[in-house]
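Have a look at the structure below before the remarks.
The values are calculated or read from the model by the stated rules, or taken from the named source; none is laboratory data. Quantities reported herein were computed from a predicted structural model and do not represent experimental measurements. Cβ: placed from backbone, ideal geometry, glycine included. Neighbour counts: every protein chain shown. We work out accessible area using only protein heavy atoms, side chains counted, and drop any ligands, DNA or RNA first. Shrake-Rupley method; radii C 1.70, N 1.55, O 1.52, S 1.80 Å.
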Amino acid sequence: MNPPAVAPATRRIEQARAQENFPVALRVLPRRRRRDLLALYRYARHVDDLGDEPLAPGVDRLAALDEVETELRALYAGRPVTDRVVRALAPTVAECRLPLEPLLRLVEANRVDQHVRRYATFAQLVDYCTLSANPVGELVLHVFGQAGTARLALSDRICTALQLVEHLQDVAEDHRRGRVYLPAEDLDRFGVTEADLAGPTADRRLRELIGFEAERARAWLEAGAPLVADLHGWARLAVGGYLAGGRATLDALADADHDPLRVTVRPRGRRVFGRWLSAMVRSAG
């Protein structure tokens, strides 16, 4: 099976995201490691597109996600694979001994997205991140051969934080798609309604809510930051890049006065590089 057709505009967005989300620091990695990480990124992007983006007429999202799982299981069983995105994972799966389970969790996250569009509590949102975000960090550590129980726990903190930050960046876009990742308990606490998410700008209450969620995400990010110093070689550089991207995005959100409705919140490359350099210096110390 080849990936279901996605609208041309969506393909252009996907290509832009590939440049935007692949940290500057990772572009200096050896070719093989870049190949492995890009294969993982494209797989995650492919699964997310099946869950979110416009598909060709008649394509059933859940059936397409089921087919990805079938193809993954075929890959691990040594059977022929027709999905080109899954097939591209084969060298990385073999060389890095990637576990199957994190790849399946990414599929399950997109199944969940088809029927869960609101989260009552922050704890429920964190549980969702164990499917949608944490598997990526686990797979990255396996690529570098540095996965371990303590490291995976720290990686989960970073990945959950990065997912929370992405939700804050995309509040307006998610709302247009019928999804709200701001916990209902926090909306109530700050007196924000879902209608407030559809405006051209965020009012004071919504900005205060976004600021609260941003600081909570930053706390999770910093709780996982010791992972960088515990890694060595290219893994330290790569994970430091992800950490830097999260910190820089939170800085950009603060610069926007915590209003992701008025502006598109994206950190500049110079800021990401500065944050990455700072993370490398701290980890070396």
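Miscellaneous remarks
- Per-region count, the stretch 180-227, residues among the β-branched types (Val, Ile, Thr) and within 18 Å of the chain's Cα centre (by Cα): 1
- Qualifying residue in the stretch 204-224 (condition: open to solvent by less than 50 Å² (accessible area, probe 1.4 Å), touching a residue at least 60 places away in the same chain (Cβ under 8 Å) and outside any helix (DSSP H, G or I)): no
- Sub-9 Å Cβ pairs linking a first residue in the stretch 150-176 that is under 17 Å from ARG262 (Cβ atoms) and aliphatic (A, V, I, L, M) to a second residue that is part of a helix (DSSP H, G or I) and open to solvent by 50 Å² or more (accessible area, probe 1.4 Å), at least 6 apart or interchain, are ALA172/ALA198, ordered by first then second residue.
- The condition (being in contact with a strand residue (DSSP E or B) (Cβ under 8 Å, 6 or more places away or on another chain), open to solvent by less than 50 Å² (accessible area, probe 1.4 Å) and either of a type in the set (Asp, Glu) or within 18 Å of ALA44 (Cβ to Cβ) (or both)) is satisfied by just one residue among ALA109, ALA64: ALA64.
- Scanning the stretch 112-154 for residues that are charged (D, E, K, R), within 16 Å of the chain's Cα centre (by Cα) and open to solvent by 10 Å² or more (accessible area, probe 1.4 Å) turns up ASP127, GLU138.
- The criterion of being surrounded by fewer than 13 Cβ atoms within 10 Å (Cβ to Cβ) and either at pLDDT 95 or above or closer than 20 Å to ALA109 by Cα (or both) does not hold for THR92.
- Residue within the stretch 42-56 that is surrounded by fewer than 17 Cβ atoms within 10 Å (Cβ to Cβ), among the hydrophobic types (A, V, I, L, M, F, W, C), over 19 Å from VAL107 (Cβ atoms) and modelled with pLDDT of 85 or more present: no
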